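Structure record follows, encoded as structure tokens.
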Amino acid sequence: MAAIILKIAASKIFYSDKWDRKTKMKKSAKIIFQLISITSSLMLALQAASADDEDLKQLSKPRSGINFGASYLANDNARFGQYTGLRNEGAYGIFNVDITKRIEDTGTWFKIIGRNLGLQNRDVRLEHSRQGSWSYFIDYSQTPRYEPFTVNTAVTGVGSAHLDVPTSPTAGNPVQLKTERQAVSFGMNKRFLGNFELQVHFRNEEKDGARIFGRGNRLGPPIPSVVGGYEFLADPINYTTRQFGASIDYNGKQLQLSGGYYGTMFNNKNAALTITGGSSVGGIYAPNLYTPIVLPPDNQSHQAFLSGGYSFTPTTRGTFKAAYTQAIQTNSFFPSSFTAPGIGNNLGGRIDTTLVQAGVTSRPLAKLSVLTNFRFEDRDDKTPVFLYNPLAGELDLNGNRWYGVNHPRSFRTLNGKLEANYALPMNFKLIGGIDYEHWDRSASPTFVTHRNKTDEISFRAELRRSLAETITGTVSYIHSNRFGSHFIPTRTATGDPYFNLIAPFNLSDRNRDKVRLSLNWEPIEPLSVQVMVDESMDNYGHRAGSDLGVQKGSARNYTLDVAYTFSEDWQATAWFSRNETAIDQASNNWNVKDHSRTPWSANIENIGNSFGLDLNGRPIEKLEIGASLSHSGITDRFEQKTNDPTTYTLPNITHQLSNMKLFARYAVRKNFNLQLDYILNRFKTDEWTWNHWAYTDGTKLSQDTNQIVNYVGLSAIYSWW
């Protein structure tokens, strides 16, 4: 281009008859200099336009990339890799993929996304779609779950449906229990004329492995000197769970509807667990007689639903949902010598559930908005009642006889909510609401007292205000009151009332008061601070003539979040939280020697403290670095008290988890990066519950109470458009 411009300029200079030679030379030098400047500017502009076109091309075209490399785990552990498989020291692969392709002519998209393909918790998803017309996906995922405790056992056959248990306490070998889920999902949708859309989905999940299980009973006749024993078993997991459904949706300007079907099917390939061996102490109550043990039976559920919404006006909208579900369990009973007569060949389990809910939101005034909704659910348990345990009629340890029948549990619930939001002068906003919950149960009491009906009413008030352009504060208060019908005591088979005098905490009367304070503050542009404090107090009522059961409870939460932007290249965040949950309860211990009852109390408390710090930056143009540090500690306290001076409280249990992550990413080229990751993880606990206890067959559970893990990974990231 420069040569063309100079050639044109020369022709105009040297072929002009109006200029003399000296003037021509001066003029030509000036014009050439100007033209060279113009040419240089044009060339720079064209180069910039070309670069802009390349950047625009990268932004407009979908980006794809792969991440591949290797990592090394320097320490064996049980917690760090519980759900990833990163448990044993050694090398592991790093492979992730995200490929996106768009075909301009047809407007179709094609995606392949793969995560953690070098580990056991891998996931692969394929998507294919045409915008506004159709789409489908296929997904595969794998999720392991390793038991964090090592099982030292002499039980053989672990993982199968046939176990052999030692007849006397026997030292064993370490066994690692594990389960793994593998799921394949498929879904598609198709849009039709008239704003209709069809959606179909299916998911098949296979779960295999083994987990901690056991059997136990008293080792002898019902006399005060006999106590119970527990033998270790491993539950063989071989489940198939299927979820599937379809819906037809309508999306109009004012009306939206969705109606369809949703179903589930559960299949257990192991109908029962057969055990040989075990303790023979206890006569008819001996553990070795309890075989086979039936495992979770096959079942299925089917639901039809219709949901939707309608905009009555630009400021008023209503929503609704109606559903009917039938869950059935008719799997044949496993043949056993303990089968009771007259119960048929299966449970005949059936639960019919009807759900109806609706809501309306409206803004009748510019400063007022109103919300109201209700929800009704009727769960009808139609399972027939039979005598499944004839031995329940035998005298138990306390000299009582029981029914031995199954207990269907039906209930109805009704929930309602009314809320109003009003904008007050001086940047105040007032929110008030009422919540109502009603339960109507038809089940009879079994091991604890029962209550057929409970009601709970909650009143809420919240005040918000922008104190300044940089500060917003909120204070809220909630008071709720739960009450209900009279308590129904448990009774023996002879009709005598049982000595259980405790009102279950989920059914007892309760008054709850909760206060929450929150503050959002941005004192300067790069700094933001959020503070939240809430506290709730519970006071529980008791059964008439009894002060046993839950006395009171409390919960406190404190959080602080801070974010600061040092520059466009450097940002930092920090956070802190503290959670306190406590409950006080009282009960009686039964003395097997003289049948007396000793009162005791327990003040149980759970305290958690967590904090974290993140820093990300770009020290030079091609290098990005980051650091993340977090720590959490949880303490469980058991403050038990009795009038017996020889009784001592259980020691506290603490868990601590610390984690440090460092990374550096260097741009070798615009589409090729190298990344280095380092993780230091520590899990520490003084959990004591398994330390001094063993199953009656000799099995013991153990864990490393101080686990430190070092992980380093080096990978490459390549992307293209």
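The values are calculated or read from the model by the stated rules, or taken from the named source; none is laboratory data. Here the structure is a predicted model, which is why all the values come from computation and not from measurement. With ideal geometry, Cβ positions are generated from the backbone for all residues, glycine too; neighbour counts draw on all protein chains shown. Heavy atoms of the whole protein, side chains included, go into the accessibility calculation; ligands, DNA and RNA do not. Shrake-Rupley method; radii C 1.70, N 1.55, O 1.52, S 1.80 Å.
The chain: percent of C-alpha pairs farther apart than 36 Å?
So the portion of pairs separated by more than 36 Å is 66 percent.
What trypsin sites (Lys or Arg not before Pro) does the range 629-704 have in DSSP loop regions with at most 16 other beta carbons within 10 Å?
Sparse-neighbourhood loop trypsin sites (Lys or Arg not before Pro): Lys670.
Give the Cα extents of the range 518-675 along the principal axes, in whole Å, largest first.
83, 34, 25
So the label point goes 7 Å from the Cα of Asn267 along Cα→C-beta, right? Which residues of the range 198-213 then have their backbone N under 18 Å from it?
Counting only backbone N, you get 202-209.
Greater than 29 Å separation of Cα atoms is the criterion. Which listed pairs, Lys269/Lys382; Lys207/Lys661; Lys61/Lys207, meet it?
Working: Lys269/Lys382 26 Å; Lys207/Lys661 32 Å; Lys61/Lys207 40 Å.
Long pairs (Cα-Cα over 29 Å): Lys207/Lys661; Lys61/Lys207.
How much net charge surrounds Thr474 when only other residues with a Cβ under 14 Å from its Cβ are counted (Lys, Arg +1; Asp, Glu -1)? Could the numbers behind the result be given before it?
Details: positive: Lys429, Arg460, Arg464, Arg465, Lys514, Arg516; negative: Glu462, Asp534.
Net charge around Thr474: +4.
May I ask you to derive the FRET efficiency for Gln131 and Tyr564 from their Cβ-Cβ distance with R0 = 56 Å, giving the value to the nearest 0.05?
Here the calculated transfer efficiency is 0.90.
When only alpha-carbon atoms are used, what values of Rg and Dmax, in angstrom, describe the range 46-199?
24.5, 89
Tell me the net charge near Gly260. Cut-off is 15 Å between Cβ atoms, Gly260 excluded, with +1 for each Lys or Arg and -1 for each Asp or Glu.
Summing Lys and Arg as +1 and Asp and Glu as -1 gives 0.
Between helix 21-60 and the chain, what is the angle of the helix's C-alpha long axis to the longest principal axis, kept within 0 to 90° and rounded to the nearest 10?
10
Where does helix 2-14 land angle-wise versus the long Cα axis of the chain, in degrees 0 to 90, nearest 10?
The angle comes out at about 20 degrees.
When N counts the residues of the range 128-207, how does its alpha-carbon radius of gyration compare numerically with 2.2 N^0.38 Å, as a ratio?
Working: Rg = 23.2 Å, N = 80, 2.2 N^0.38 = 11.6 Å.
Here the Cα radius of gyration is 2.00 times the empirical estimate.
With an 8 Å Cα cut-off and a minimum separation of 6 or more residues, compute the relative contact order for the chain in percent. Present the calculation step by step, with values, prior to reporting the outcome.
Details: 1880 pairs, mean separation 64.1, N = 721.
9 percent.
Got a number for carbon plus sulfur as a percent of the chain's accessible area, 1.4 Å probe?
59
Using only alpha-carbon positions, what ratio does the radius of gyration of the range 480-535 give when scaled by 2.2 N^0.38 Å?
Values: Rg = 23.6 Å, N = 56, 2.2 N^0.38 = 10.2 Å.
This ratio for the range 480-535 stands at 2.32.
Given the DSSP H assignment, sum -39500 (n - 2.57) over each helix run of at least 4 residues in the chain and divide by its residue total; what's the result at 222 nm in deg cm²/dmol, nearest 500?
-2500 deg cm²/dmol
How charged is the neighbourhood of Pro425? Take every other residue with its Cβ under 15 Å from the Cβ of Pro425, and add Lys/Arg as +1 and Asp/Glu as -1.
Numbers: positive: Lys367, Lys429, Arg464, Arg465; negative: none.
With Lys, Arg at +1 and Asp, Glu at -1, the neighbours total +4.
List the aspartates and glutamates whose alpha-carbon lies under 20 Å from that of Lys101, not counting same-chain residues fewer than 8 positions away?
In chain and number order, the partners are Asp53, Glu54, Asp55, Asp123, Glu127, Asp139.
Given R₀ = 41 Å, FRET efficiency for Phe68-Phe202 by Cβ-Cβ distance, to 0.05?
0.80
How much FRET efficiency would the formula 1/(1 + (r/R0)^6) give for Ser658 and Ala366, where r is the Cβ-Cβ distance and R0 is 51 Å, rounded to 0.05?
It comes to 0.45.
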